[in-house]
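Taking it in order: structure first as structure tokens, then the write-up.
The values are calculated or read from the model by the stated rules, or taken from the named source; none is laboratory data. Because the structure is predicted, anything quoted here is derived from the model rather than measured. With ideal geometry, Cβ positions are generated from the backbone for all residues, glycine too; neighbour counts draw on all protein chains shown.
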Amino acid sequence: MKYENGAVRKRMAFDRGMEAIGFFIVSLLILVVLSIFLFVIGNGLSGINIKILTTDGNTTSGGLFNAIIGTWLLTGVGLTISLPVGLFGAVYISEYSNSRAGSFLKLFADLLTGIPSIVLGFFGYLMIVVYLRFGFSLLAGGIILAIMMIPYILRISEISLSNIPKDIREAAYALGADKYKMILRVLLSKAKSGVIVGSVLAVSIASGETAQLLYTAGWNNGLPTGLTNSEVGYLTYVVWQGINQPSAYSHQLAFAAAFVLLVMILALILMSKYVQRGK
Amino acid sequence: MDEVIKTRGLSVSARNNVILDSLDLDIYRNKVNTILGPSGSGKSTLIRTINRLTDLNGDFEISGTVYFNDHNIQDMSAVELRRKIGMVFQSPNPFWMSIYDNVAFGPRLHGSLPRLKLDEIVKRSLTEAGLYQEVERDLARSAMKLSGGQQQRMCIARALAVEPEVIMLDEPTSSLDPISKSKIEDLMSTLKEKYTVILVTHDISQAARVSDFVNFLYKGKVLEKGESKEMFENPRNEITEKFITGRAD
């Protein structure tokens, strides 16, 4: 090290120090995530069997079938509402609105993600369950989930639309495309993976929500019989209730429900990674 | 001589900056018409005014007239105009889809065609752009997988697929390696047999190699125009002379 002197050595030491701190923090993060996984898998895996997965239950006895299907149905309804709204919103912000209106709408979407879920739930109870007379139901729960899903889908779709270079839009116009054809055939085909990533994120967050569903979905020992005025069971309710019950079987059900949720969310995330890579 | 495009008193400004200052220029049929000039001289704005891409940006104020086959372009529909006057951009900008779908994009916009007809158009366009032999077996592959030079020739094919009368190339080789560059330069002399070519470039030697006619654009004004040979051997304007001999500021 011919050119090495005091100042250089000091900088190199500082550099190594920063690297060590970074490594420590990242390791800590990985440790936390791994211990959550191990905790859920360790306690949940032993409680999982075909019978639990295929029979209905009431959080103290029976299985999880009604809760699994209920979670799918609720997030399904949520996605059915939030995907078109989020996507149209993203297209509007990125392609139609001027920059001031665009920033206002983005701020609005960001505020929406900041509303505490319990507040959203209470609002849903008053507006949808009581005022609109939907009762505790699939539609009430689905709408409330959609309200929290929209900003994720909108923001991520909007970012992937805005990242498409101006050149690409001009190339479509230069071939004689109208604006809507340009958006449909060029932009959306390119932003597809961003839309999918946003939707997966929204679905995985929504399927893990509890507070707003307590107020809007209720609980059902079987499957709901319609979109409105028929309560729905869901997995996070089983976790929340089961832990509070003084019986070993309730605890087993709660951990099994947590395990199923974790597997579902992991599967979704892996699927979205696969789709992203496929582009 | 047969003019396809004429500009008369064409001025363009954006936010009170004059970009083009009363241009009178003529684009001749089946020739390579070059717009030569240093960066910032208004070359790109000029061709974007000709195919009305300037419409997309509310900032431009345009006065004077552009005639395409003796019709005022403002009286034509922008879609129709852009179909007749194709454009290739500075850096290759393939759409996120297969080579086939990229080239078929334009024809599909303007009506549904039977698959066989579409196959024929894709093959003809890629052949005219000198790319067909290289990609014949890979038409279903993503266009993003092509090299930069191939992507640019594919973009030329995409523009040719809608059967334009004029094709405008906006510094088409500025992001390409020398071999790809010379392939595209060679292409221009074959393209002009069927199409009218407008080449925008700041590359003097390229302009000298491929042009039939040159319009020298400097700070928004046409300082000199005429046959390529004449201008490069005998520039009349002092600034033109400085620029083409490499002594411009």
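Quick notes on this one:
- Count of residues meeting criterion [in contact (Cβ under 8 Å) with a residue 12 or more places away in the chain and either touching a Cys at 6+ places or on another chain (Cβ under 9 Å) or surrounded by fewer than 16 Cβ atoms within 10 Å (Cβ to Cβ) (or both)] in the range A:241-277: 7
- If you go through the range A:172-184 and keep only what is facing chain B (nearest Cβ under 7 Å), in contact with a Lys or Arg (Cβ under 8 Å, 6 or more places away or on another chain) and in a helix (DSSP H, G or I), you end up with A:Tyr173, A:Ala174.
- Residue match in the range B:154-163 (condition: surrounded by fewer than 20 Cβ atoms within 10 Å (Cβ to Cβ), of a type outside the set (A, V, I, L, M) and within 30 Å of B:Glu3 (Cβ to Cβ)): yes
Okay, residues lined up against (1) assigned to a helix (DSSP H, G or I); (2) of a type outside the set (A, V, I, L, M, F, W, C); (3) touching a residue at least 24 places away in the same chain (Cβ under 8 Å):
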site: B:Ala157; (1), (2), (3): yes, no, yes
site: B:Pro164; (1), (2), (3): no, yes, yes
site: B:Ile167; (1), (2), (3): no, no, yes
site: B:Ile179; (1), (2), (3): yes, no, yes
site: B:Glu193; (1), (2), (3): yes, yes, yes
site: B:Gln206; (1), (2), (3): yes, yes, yes
site: B:Glu230; (1), (2), (3): yes, yes, no
site: B:Lys242; (1), (2), (3): yes, yes, no
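- Screening the candidates B:Gly58, B:Gly86 for the property of being closer than 18 Å to A:Asp167 by Cα and part of a strand (DSSP E or B) yields one hit, B:Gly86.
- A:Thr75 being in a loop (DSSP other than H, G, I, E, B) and in contact (Cβ under 8 Å) with a residue 12 or more places away in the chain: no
- Verdict on B:Leu126 being buried (at least 16 other Cβ atoms within 10 Å of the Cβ), without any contact (Cβ under 8 Å) to a residue 40 or more places away in the chain and within 27 Å of B:Leu81 (Cα to Cα): yes
- Residue within the range B:124-146 that is assigned to a helix (DSSP H, G or I), at the interface with chain A (Cβ under 10 Å from one of its Cβ atoms) and modelled with pLDDT under 95 present: yes
- Selection of the range B:34-57 for residues being under 22 Å from B:Met76 (Cβ atoms), more than 14 Å from chain A (Cβ to nearest Cβ) and at pLDDT below 90 yields an empty set.
- Unmet criterion (only one of (1) out of contact with any strand residue (DSSP E or B) (no Cβ under 7 Å at 6 or more places or on another chain); (2) modelled with pLDDT under 90) for B:Gly220: (1)
- Among residues of the range B:58-88 being among the hydrophobic types (A, V, I, L, M, F, W, C) and in contact with a strand residue (DSSP E or B) (Cβ under 6 Å, 6 or more places away or on another chain), the one that is nearest to the other protein chains (Cβ to nearest Cβ) is B:Met87.
- Condition check for A:Pro116: at pLDDT 90 or above and more than 29 Å from A:Gly242 (Cβ to Cβ): no
- Some residue of the range A:186-198 being in contact with a Phe, Trp or Tyr (Cβ under 8 Å, 6 or more places away or on another chain) and closer than 26 Å to A:Ala258 by Cβ: yes
- Among the conditions (1) among the acidic types (Asp, Glu); (2) part of a strand (DSSP E or B); (3) within 22 Å of B:Val88 (Cα to Cα), B:Asp21 misses just one, which is (3).
- Of all the criteria given as (1) assigned to a helix (DSSP H, G or I); (2) surrounded by 14 or more Cβ atoms within 10 Å (Cβ to Cβ), the one not satisfied by A:Thr59 is (1).
- Taking the criterion of being more than 13 Å from B:Trp96 (Cβ to Cβ), in contact (Cβ under 8 Å) with a residue 24 or more places away in the chain and either among the small types (Gly, Ala, Ser) or surrounded by fewer than 22 Cβ atoms within 10 Å (Cβ to Cβ) (or both), the residues of the range A:157-186 that qualify are A:Ser157, A:Ile159, A:Ser162, A:Lys179, A:Ile183.
- Flag for A:Ile168 being of a type outside the set (Gly, Ala, Ser), assigned to a loop (DSSP other than H, G, I, E, B), within 13 Å of chain B (Cβ to nearest Cβ) and touching a helix residue (DSSP H, G or I) at 6+ places or on another chain (Cβ under 7 Å): no
- Of all residues in the range B:1-36, those that are in contact with a helix residue (DSSP H, G or I) (Cβ under 6 Å, 6 or more places away or on another chain) and on the phi > 0 side of the Ramachandran plot total 1.
- Complete set of residues in the range A:129-165 that are of a type in the set (Val, Ile, Thr) and within 13 Å of chain B (Cβ to nearest Cβ): A:Ile164
- Residue match in the range A:99-113 (condition: free of Cβ contacts under 8 Å to residues at least 40 places away in the same chain, among the small types (Gly, Ala, Ser) and not in a helix (DSSP H, G or I)): no
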